[in-house]
Amino acid sequence: RDVYRVHKYNGDDTLNFEIQRNNPIYAKISEEVKIEGFSNRFIVKKIDEHSDFVVVECELDYDDWKTLIFKDYRRTNTNIVTIMTDVLPVGWNVNYGSGVDVSKRRTVEESDGQAFKLATSYDMIDAITSAYDVVFNFDVLNKMLYVINPESYVTTGEFIMEDLNLTDLGFNGDSTGFITRLYPYGKKDESTGEYVNIKSVNDNKDYIDNFQYSDKIVCGTWVDERYTVVQNLYDAAVKRLAELSKPQRSYTCNVVNFNEDIWLYKVITLIDSNRGTRVDHRVVEFTEYKNHKLDKCTLSSVPPSIVSIVKNTNKNTLGEIQKQKTEIQQLIDEKTPVPCPTHFKCQSK
């Protein structure tokens, strides 16, 4: 009952369901059992057996990505195609989305200047995500990795509104990380101790402003040592501040008229009749049921940043720059009931 797959922004999809304790299928389910469903393969990770109905949580089957160990891995000034050729498991293929810049050259490493030590391909996924501003979707059954640039998805011209498309509309507003002035910094020069800043391309100012929502000055800093080119740092900062200088608003809703025409990363216009607003939102999470009338999606005016969705974020540099700029307020960054899953195919460990 209530079996569903959650399509997550960063590709770490999950499968969740409840099953009666006395269901014969339950005897075949235990930790690390592989389950096929929703056109993918998952592995049971958590079992909660505290009632007549057992709650089972599964994650995607990443086993192929954990079979090899790289003793010492670091690449500099390299494009994503070369990186994926290095780390892709045997038998897997890559599909690069049309919005992915395969010519972009970046450094892939565990931390600043440090190579990955005894790491699997799966361990490197976050570093690749961060370096190339992409996310990954895994088709385990067909051994296909989809590389996606979420920002390549633009508005479709479609709209949804409460009285036409939506039921059970829920709204969340959050201005926790709100700022209007951003001080961005890039790579640190070890010889001088100085960080790359944007003064040379920004009228000798090391900050940028965006007063789209409020005219008050609220400061924050951002450090990303991937950036060594001043113009690239400036462009990225402008984009980042465009998101941070307005409240983050999200809606969770049951989609009753779109069915399979709603997908992750899609951009649609949401008309909120109560607030009299018409704003583009991106689908940042999609919950898929066998009965698509139950499907839910989460729409957000400010999609998750690449930095916020990676599993491990290095904050050491942030501490260093904070000491240098103690007068700046620090920004704190922000990822019909369905029957029991008899249609699933359980595999042995």
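The values are calculated or read from the model by the stated rules, or taken from the named source; none is laboratory data. Quantities reported herein were computed from a predicted structural model and do not represent experimental measurements. Positions of Cβ are backbone-derived with ideal geometry, glycine not excepted, and every protein chain shown enters the neighbour counts. Quick note on the areas: whole protein, heavy atoms, side chains included, nothing else; ligands and nucleic acids left out. Shrake-Rupley method; radii C 1.70, N 1.55, O 1.52, S 1.80 Å.
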**Asked** Convex hull over the Cα atoms of the stretch 45-136, averaged projected area in nm²?
**Response** 8.1
**Message:** So, R0 is 35 Å and r is the distance between the beta-carbons of T252 and N93; what FRET efficiency does that work out to, to 0.05?
**Reply:** 0.55
**Message:** Counting only protein heavy atoms and a 1.4 Å probe, tell me what percentage of the stretch 1-101's accessible area is made up of carbon and sulfur.
**Reply:** 44
**Complete:** Set K104/K239; K34/K66; K266/K296; K8/K290; K8/K117; K8/K293, cut-off 22 Å on Cα-Cα distance; pairs above it are K8/K117
**Message:** Using a Förster radius of 22 Å, what is the FRET efficiency between K66 and S39 based on their Cβ-Cβ separation? Nearest 0.05, please.
**Reply:** 0.50
**Request:** Starting from the Cα-Cα distance between Q231 and S191, subtract it from 0.36 nm times their residue separation and give me the gain in nm to one decimal.
**Result:** 12.2 nm
